[in-house]
1. Heavy atoms of the protein only, probe of 1.4 Å, neighbouring chains included. What is the accessible area of Tyr38 in Å², nearest 10?
2. Suppose R0 equals 41 Å. What FRET efficiency, 1/(1 + (r/R0)^6) with r the Cβ-Cβ distance, do Met8 and Asp89 give to the nearest 0.05?
3. Roll a 1.4 Å probe over the protein heavy atoms and report the accessible area of Phe18 in Å², nearest 10.
4. Between beta-carbons, use under 11 Å as the cut-off and find the net charge around Ala37, counting Lys and Arg +1, Asp and Glu -1.
5. Just to verify a number: what accessible area does Asp41 come out at with the full protein assembly present, 1.4 Å probe, Å² rounded to tens?
6. Can you work out ³J(HN,Hα) from phi for every residue in the stretch 36-52, in order, using Karplus 6.51 cos²θ - 1.76 cosθ + 1.60 and θ = phi - 60°, giving whole Hz and x for Gly and Pro?
Amino acid sequence: YARKDAAMMCTAFVSGTFSWPEPPPPAPPPPPANFIAYALDRTWLHHCVMFIALYLLARLKAWFPAARGSSGRRLFISMLINASKIVCDNICSNKPWRLVGQGMSSLKEI
């Protein structure tokens, strides 16, 4: 993926702040850096959106220090959706975001 450096930075932050459990077999999960690189590459969002998503994750952790999300992947995608809405104000349905999240969440969860 094209944004490997940004993905590695996001991976270090999200993995260090929240849990990153692996989904159950049969599908082996992509490594965290590949997951984030795919999300950034697929959305074509500006880097400032990525940084706002990381800022929102940091604020979430500051407000709720005991927070342990079920998945760092889901939290990252959720904050990427919120940051995209804040910065770009584009209306996007849940289906494209489900593709960005590589099907880890149902449409209803998104």
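1. Rounded to the nearest 10, the figure is 50 Å².
2. Working: r = 29 Å, r/R0 = 0.70.
That pair, Met8 with Asp89, gives E of 0.90.
3. 10 Å²
4. Working: positive: Arg3, Lys4, Arg42; negative: Asp5, Asp41.
Its environment carries a net charge of +1.
5. Result for Asp41: roughly 40 Å² accessible.
6. 5, 4, 5, 4, 5, 5, 6, 7, 6, 7, 5, 4, 5, 5, 4, 5, 5
The values are calculated or read from the model by the stated rules, or taken from the named source; none is laboratory data. These numbers were taken from a predicted model, which means no experiment stands behind them. Methodologically, a virtual Cβ is constructed for each residue, glycine included, from the backbone with ideal geometry; neighbour enumeration extends over all protein chains shown. These area figures cover heavy atoms from the full protein model, side chains too; ligands, DNA and RNA do not enter into them. Shrake-Rupley method; radii C 1.70, N 1.55, O 1.52, S 1.80 Å.
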